[in-house]
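Presented below is the structure to which this report refers.
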Amino acid sequence: MLALDADNLKRFLSAVSSFGFKPVVPATLEQLCDAGTLDRWIQEKNMLAFALRPTEDTAPTVDILVRPVVSFDDAYPRRLLIQANDVTVSVAAAEDLITLKSGTGRDIDKADIRALHRLSELRSRRTDD
C-alpha cells in the first residue's frame, strides 16, 4: 500500500524512477499523481492497481492500489515490521491483506486469502501452546 497524498507520491515517483520502474500500461508515472485521471481509469477500466515493471525481466512487478478498500491511515498502525538484511520493511497485516484481496474475483487472490487464513490459524495455535 502507498499513501496517496501529493508529497508521498512525489517521493515515491522519485524512488521508482531512480530504479528504472515503468508503468505496465501505456501511461506515465506522473498520471498516478492525477486524481482525475485515476478516477477515470477506475470508472472506465475498473482499475484496481497501477502496475510498475522494473527494467530487469526477472524482477517482480509492483502494484500500487489506486483506491484500496482499507485506507492507508487505518492499515499503517497494524503493519508488521520485517527485517530483511539491514532494511526494515513494512508489511500489511494479514487481516488487511484479506480485506484488500476479497471481492476481486481473481483466483490468485482467493488462493492468497486461503493461505492467509491458514497462516493466522497456525499463528494462533503457536501462541496457544
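What follows is calculated from the coordinates using simple rules that are stated; it is not laboratory data. Bear in mind that the values here come from a model prediction, so they are computed numbers and not experimental data. Glycine also receives a Cβ, built like all others from the backbone with ideal geometry; neighbour counts cover every protein chain displayed.
Key figures for this structure:
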| read-out | value |
| --- | --- |
| Complete set of residues in region 73-102 that are closer than 24 Å to Gly36 by Cα and surrounded by 17 or more Cβ atoms within 10 Å (Cβ to Cβ) | Leu100 |
| Test: residue in region 14-35 that is assigned to a loop (DSSP other than H, G, I, E, B) and in contact with a strand residue (DSSP E or B) (Cβ under 6 Å, 6 or more places away or on another chain) | yes |
| Residue within region 41-58 that is farther than 18 Å from Leu100 by Cα, part of a loop (DSSP other than H, G, I, E, B) and among the hydroxyl-bearing types (Ser, Thr, Tyr) present | yes |
| Unmet requirement for Thr28, which otherwise passes all of (1) of a type in the set (Ser, Thr, Tyr); (2) farther than 29 Å from Ser124 by Cα; (3) loosely packed, with under 12 Cβ neighbours inside 10 Å | (3) |
| Test: residue in region 43-56 that is under 16 Å from the mean Cα position of the chain (by Cα), over 21 Å from Arg106 (Cα atoms) and surrounded by 15 or more Cβ atoms within 10 Å (Cβ to Cβ) | yes |
